[in-house]
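Heads up: the structure comes next, in structure tokens.
The values are calculated or read from the model by the stated rules, or taken from the named source; none is laboratory data. In this text the structure is predicted, and so the values were computed from the model without any measurement. A quick note on method: Cβ atoms are made from the backbone with ideal geometry, for glycine too, and the neighbour counts reach across all protein chains shown. To get the accessible areas, we keep the full protein, side chains included, count just its heavy atoms, and leave off ligands, DNA and RNA. Shrake-Rupley method; radii C 1.70, N 1.55, O 1.52, S 1.80 Å.
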Amino acid sequence: SPHYEVLLRLIDEQGREVSPMKFIPAAERYHLMPSIDRWVIAATLQCLVKRALSGPIQGVYAINLSGQSLSDDEFLSYTVDQIDKSGISPRQLCFEITETAAIANLQRALRYMSVLRGMGCRFALDDFGSGLSSYAYLKNLPVDYLKIDGAFIRNLEQNPIERAMVSAINHIGQLMGLQTIAECVDTQSTLKAVAAMGIDYAQGHNIAAVEPLSDISDIQSTPQLKQA
């Protein structure tokens, strides 16, 4: 089944695209992320509802959630309400949270994940390896996918230490029954390297180009690197 990650771009006054690396920090500073996350959930579901008019929807769509949203008491009820109203199967939604955000809001994150996983949604732990207490908290977080931080993947072939770290993360994930995903796979040689390590999935420019969600018509399967 193909997987997609829903990404954001901001259009400025001159019609130019602004990278999330630039506007997300400002949104976090002014506590706007819960509003942005609500918009993303609603907009994604609207796109899927529109697509469902043409036939069954294929694939899983991943939506990133901020730590601010996880600490918002009303955000869980909003998410559940939006999914129920849309009629979209929860199994076609995956929510990505960073380990830093999950740890900072652990009890609320656990409740959020428990309720939505009970509905059928999936969860991915994003940028794994970048935090300080990764393995200690991983065993307590009910996730389905473990996304290995792209900072390790980019230098995988040149840096034996980072290669060893990626191997360790993948090994732990596999032992826990999680599916592992290598982020930032931007070259064919990197794809071959992560495949040789037994990582389940790859994500990056070498896999598929970024395109508007509304323009995706012919769904291509994301390469699975190892048979389940």
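Quick notes
- Residue tally, condition touching a Lys or Arg at 6+ places or on another chain (Cβ under 9 Å) and of a type in the set (G, A, S), over region 99-149: 2
- Flag if A136 is in contact with a helix residue (DSSP H, G or I) (Cβ under 6 Å, 6 or more places away or on another chain) and either surrounded by fewer than 18 Cβ atoms within 10 Å (Cβ to Cβ) or not small (G, A, S) (or both): no
- Only a single item in (1) open to solvent by 40 Å² or more (accessible area, probe 1.4 Å); (2) modelled with pLDDT under 85 is not met by H205, and it is number (2).
- Looking across region 140-167, the residues that are touching a helix residue (DSSP H, G or I) at 6+ places or on another chain (Cβ under 7 Å) and free of Cβ contacts under 8 Å to residues at least 24 places away in the same chain come down to F152, N155, E162.
- In the set (1) over 19 Å from V60 (Cβ atoms); (2) of a type in the set (D, E); (3) touching a Lys or Arg at 6+ places or on another chain (Cβ under 6 Å), E183 fails one condition alone, (1).
- Identity of the residue in region 166-183, out of contact with any strand residue (DSSP E or B) (no Cβ under 9 Å at 6 or more places or on another chain) and of a type in the set (A, V, I, L, M, F, W, C), that ends up surrounded by the fewest Cβ atoms within 10 Å (Cβ to Cβ): L175
- Any hit, region 157-178, residues being assigned to a helix (DSSP H, G or I), over 30 Å from Q107 (Cβ atoms) and at pLDDT below 90: no
- Residue in region 155-176 that is out of contact with any Cys (no Cβ under 6 Å at 6 or more places or on another chain), among the β-branched types (V, I, T) and under 23 Å from L93 (Cα atoms) present: no
- In region 48-73, the qualifying residues are those that are aliphatic (A, V, I, L, M) and within 20 Å of L32 (Cα to Cα), and the one that is nearest to the chain's Cα centre (by Cα) is I63.
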